1. Those residues that are of a type outside the set (A, V, I, L, M, F, W, C) and within 14 Å of chain A (Cβ to nearest Cβ), I need them from the stretch B:237-296; list them, please.
2. Yes or no: the stretch B:91-100 includes at least one residue that is at pLDDT below 85, in a helix (DSSP H, G or I) and either among the aromatic types (Phe, Trp, Tyr) or touching a Pro at 6+ places or on another chain (Cβ under 8 Å) (or both).
3. Which ones in the stretch B:227-236 are in contact with a strand residue (DSSP E or B) (Cβ under 8 Å, 6 or more places away or on another chain) and more than 7 Å from every other protein chain (Cβ to nearest Cβ)?
4. Can you name every residue in the stretch A:9-45 that is at the interface with another protein chain (Cβ under 7 Å from one of its Cβ atoms) and either in contact with a strand residue (DSSP E or B) (Cβ under 6 Å, 6 or more places away or on another chain) or under 21 Å from B:Asn144 (Cα atoms) (or both)?
5. Just a yes or no: is a residue in the stretch A:37-51 of a type in the set (A, V, I, L, M), over 29 Å from the mean Cα position of the chain (by Cα) and not in a helix (DSSP H, G or I)?
6. Could you tell me whether any residue of the stretch A:84-94 is more than 35 Å from the chain's Cα centre (by Cα) and either more than 14 Å from chain B (Cβ to nearest Cβ) or free of Cβ contacts under 8 Å to residues at least 12 places away in the same chain (or both)?
7. B:Thr143 passes all but one of (1) under 26 Å from B:Thr18 (Cβ atoms); (2) surrounded by fewer than 14 Cβ atoms within 10 Å (Cβ to Cβ); which number fails?
8. Which of (1) more than 21 Å from the chain's Cα centre (by Cα); (2) modelled with pLDDT under 90 is the odd one out, the single condition B:Gly248 does not satisfy?
Amino acid sequence: MDTSERYNYYDILEINCHCPQHEVTTAYERSKLTYSGENPAIYTMFNESEARELLKMVEEAYSVLGNKTLRALYDEKIGQKRPIADLSFESLQTESKTVFSTLPKKPSNDRAQFVADKAIEDEFSATTHWDGTMLKKAREYRKLSHDALSNITKISVYYVKALEECDPKNLPAAVYVRGYVSQVAKVLALDEKKVCDSYMKIFKSNLEKK
Amino acid sequence: MSAKIFAVGAGKGGVGKTFISSSLAITLAKLHHSVLLVDFDLAGANVHTNLGMEPQKTSIQSFLNGEADLVNLSQPTSIPKLSMIQGVWQEWEQTPCRRGQGLQLVQEIRKLPFDFVVIDLGPGATATNLEIFSSADEKILVTNAEPTSVEKSYRFFEAWILKQVSENTTPDAYEKIKKAVQEFRAQKQQGLFSFRKYLNSTANVSFDHFDQMLSHPIRLVVNSCRSHQDQDLGYSVKSVCSKYFDLGIDYSGCVDYDNAVWHSIRNKEPFLIAKPFTKLSGQFLALAKHLSPSENHVIGIKAVI
């Protein structure tokens, strides 16, 4: 018979083409055990080089059938009665890439709409008095909504709003507030230390007023 | 309904044919089936020892000589619902088995009023063994995990295939096939190849009975497994058979190695009776159910009305 003929990968692993994925793996492990090393089962039937040849085929079959995407593609091609000779791991892999090349693009970032303004940035760096209103101004300059900021910093929208009010009634203990402010400052590309120190001074005075 | 016949063979002696067949028979008897155990080991009959019985005067030899009926030869054992026919004990009296006698034996057995008949064959693929093997309902091939017995099992498969082929062709064609098989063996093989296709292209014979063989596959049992690797050997042999011969076989199960087995044989007590709650008895139960899935097995005590 023609030894160059290629075989169906399912025949090589001796499995049914409808079998679940875990059976493919079991079949592969068993075949690998059979044709590698000194398994008594191949004694007097296959010599070393034949066993190696078979092992190579088993590995090739599993490289396709062991991968869910490639297996699905392989099944499809077999179903279309494509000659088996065209189907190899390489050809299927290239094909799998072309099929999925038109993935939808990721939604664009919110911060892309931000327009730099030298004057405002200079004002920010000059300011030493950082209260809620200034934070709000910086946020609006960065074109971030409450939600977007909350999304990035993982601070709840409720607290983000309360921070801008500088309202101790709606905010947790000072140590948490400092953490929040420092995170917000980082996202808004402000001087973290300066903003924190200034904000906390105002926050504490508000706290005493109460 | 006629009896279901299990033939237990092996490529080589000493792999545990007699242990497997007697334990299988006991398991089936425990499941409330009437069972006959026939010792057809013409070279070394020892089923009676496995069952802890003294040898009797009557043996299967009388049947082969045409002196007695199988019904008269069968004798009860200490196990309820299990009977046995003793193998040739006085070996000096033995006459060689003629062609066709195996077939005759199976035909006679079918007439007997049993649910199951387990035939313990002698080692090797002798003509008579193969005759019984091919006419049995279930063909059980026992091997253990050693390379020697695995090799002999493959020789048994070869003999089995050639026997099947010879039955379906003229003597001329058979000679041609035999030559093709020898060439096939000598040839350097590359990659995956098919015995069936090779025979088809070289000897110009098409093999529909390969498919027939698939519907009644040989049942492989791996005896005295000492490790997981030994248990997986059955799958390996199955794979090699389908790759080399294009012959599908069924891996029916494995039986673990247990030191208590030789101990119980020394005590002349059947293992499954002496040690009924071991892993081995579970494995035999699984084996019995695998071999006769449609039967109505009753586990435990059956109420007599």
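1. Quick first cut of the stretch B:237-296, residues of a type outside the set (A, V, I, L, M, F, W, C) only: B:238-239, B:242-244, B:246, B:248, B:250-253, B:256-259, B:263-264, B:266-270, B:275-276, B:278-279, B:281-283, B:289-290, B:292-296.
If the condition is that a residue be of a type outside the set (A, V, I, L, M, F, W, C) and within 14 Å of chain A (Cβ to nearest Cβ), then B:Lys238, B:Ser239, B:Ser242, B:Lys243, B:Tyr244, B:Asp246, B:Gly248, B:Asp250, B:Tyr251 are the ones that fit.
2. yes
3. Within the stretch B:227-236, B:Asp230, B:Gln231, B:Gly234 qualify.
4. Here is the first cut: in the stretch A:9-45, the residues at the interface with another protein chain (Cβ under 7 Å from one of its Cβ atoms) are A:12, A:14, A:30-31, A:33-34, A:39-45.
Residues satisfying the conditions are A:Arg30, A:Ser31, A:Leu33, A:Thr34, A:Asn39, A:Pro40, A:Ala41, A:Ile42, A:Tyr43, A:Thr44, A:Met45.
5. Going through the stretch A:37-51, the residues of a type in the set (A, V, I, L, M) turn out to be A:41-42, A:45, A:51.
Next cut, over 29 Å from the mean Cα position of the chain (by Cα) only: A:41-42, A:45, A:51.
Still in the list and also not in a helix (DSSP H, G or I): A:45.
Looking through the stretch A:37-51, at least one residue is of a type in the set (A, V, I, L, M), over 29 Å from the mean Cα position of the chain (by Cα) and not in a helix (DSSP H, G or I).
6. no
7. (2)
8. Single failed check for B:Gly248: (1).
The values are calculated or read from the model by the stated rules, or taken from the named source; none is laboratory data. This is a predicted model, so every value here is computed, not measured. So basically every Cβ, Gly included, is an ideal-geometry build from the backbone, and we count neighbours across all protein chains shown.
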